[in-house]
Amino acid sequence: MHVERLISASVASGAEVRIGGNRHVSDTGKGFFFQPTVLASCTPEMPCCQEEIFGPVVPVIKFTDEAEVIHLANSTQYGLAGYMFTCDLAQAWRVSEHLQVGMLGVNTGRFSAAELPFGGIKYSGIGREGGPCALEQFMDTRSIVWH
């Protein structure tokens with residue numbers, strides 16, 4: 001399983017599982033539930049910080065200031081989504097201008113709605129689903145000049 005591989009590789013590189021970290025196997029042996037997991041002592045080079053996880057895993061990296069955290073967030077080849085929690089509105093705007101992500105949730109872990117474009121940048125996909133942006137992918141825009 002992809003999530004288990006990322007956790008194992010990150011732990012082998014020095015990450016610490018603070019909570020979770022295991023797959024739940026039902027009595028029938030079926031299912032795909034994975035415990036919500038927090039990994040501490042992570043470094044930017046670890047697999048859990050360089051690959052898209054698509055599972056309930058939060059890698060925690062210590063940082064000293066805003067510039068460093070922006071650099072850390074942008075130092076991956078992926079850019080599907082980012083999440084930021086702050087009480088400072090000016091900070092939210094300032095940081096959001098620099099994050100290289102297709103979608104950003106401020107003080108929320110969910111931001112899906114049919115009218116909003118959904119999609120990433122960098123290696124996290126091309127194009128958008130949802131909203132008017134999704135329809136524009138299927139249109140060819142052209143200019144016609146008539147004299």
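The values are calculated or read from the model by the stated rules, or taken from the named source; none is laboratory data. Keep in mind the model is a prediction, meaning the values are calculated, not measured. Neighbour counts are summed over all protein chains in view; Cβ atoms, including those assigned to glycine, are modelled from backbone coordinates with ideal geometry.
Output the residues belonging to segment 117-126 that are part of a strand (DSSP E or B) and either of a type in the set (Lys, Arg) or in contact with a Lys or Arg (Cβ under 9 Å, 6 or more places away or on another chain) (or both). Step through it out loud before you land on a result.
Initially, segment 117-126 is screened for residues part of a strand (DSSP E or B), giving 118, 121-122.
118, 122 - these are the residues of segment 117-126 that are part of a strand (DSSP E or B) and either of a type in the set (Lys, Arg) or in contact with a Lys or Arg (Cβ under 9 Å, 6 or more places away or on another chain) (or both).
One line per residue, one yes/no per condition, for (1) touching a residue at least 24 places away in the same chain (Cβ under 8 Å); (2) outside any strand (DSSP E or B); (3) touching a Leu at 6+ places or on another chain (Cβ under 8 Å):
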{"site": "17", "(1), (2), (3)": "no, no, yes"}
{"site": "25", "(1), (2), (3)": "no, yes, no"}
{"site": "28", "(1), (2), (3)": "no, yes, no"}
{"site": "39", "(1), (2), (3)": "yes, no, no"}
{"site": "43", "(1), (2), (3)": "yes, yes, no"}
{"site": "48", "(1), (2), (3)": "yes, yes, yes"}
{"site": "52", "(1), (2), (3)": "yes, yes, yes"}
{"site": "63", "(1), (2), (3)": "no, yes, yes"}
- Residue count for segment 127-147, restricted to those that are surrounded by 10 or more Cβ atoms within 10 Å (Cβ to Cβ) and assigned to a loop (DSSP other than H, G, I, E, B): 4
- Close pairs (8 angstrom Cβ cut-off, 6 or more residues apart or separate chains): assigned by TED's automatic domain parsing to the domain that holds residue 89 and without any contact (Cβ under 8 Å) to a residue 60 or more places away in the chain in segment 100-119, in a loop (DSSP other than H, G, I, E, B) and basic (Lys, Arg) anywhere: 102/128; 117/128; 118/128; 119/128
- Task: Return only the number of the condition from (1) surrounded by 16 or more Cβ atoms within 10 Å (Cβ to Cβ); (2) in contact (Cβ under 8 Å) with a residue 24 or more places away in the chain; (3) in contact with a strand residue (DSSP E or B) (Cβ under 8 Å, 6 or more places away or on another chain) that residue 4 does not satisfy.
- Result: (1)
- Message: Whether any residue in segment 20-34 is surrounded by 15 or more Cβ atoms within 10 Å (Cβ to Cβ) and within 18 Å of residue 124 (Cα to Cα) is what I want to check.
- Response: no
- Within segment 65-111, the count of residues that are touching a strand residue (DSSP E or B) at 6+ places or on another chain (Cβ under 8 Å) and in a helix (DSSP H, G or I) comes to 4
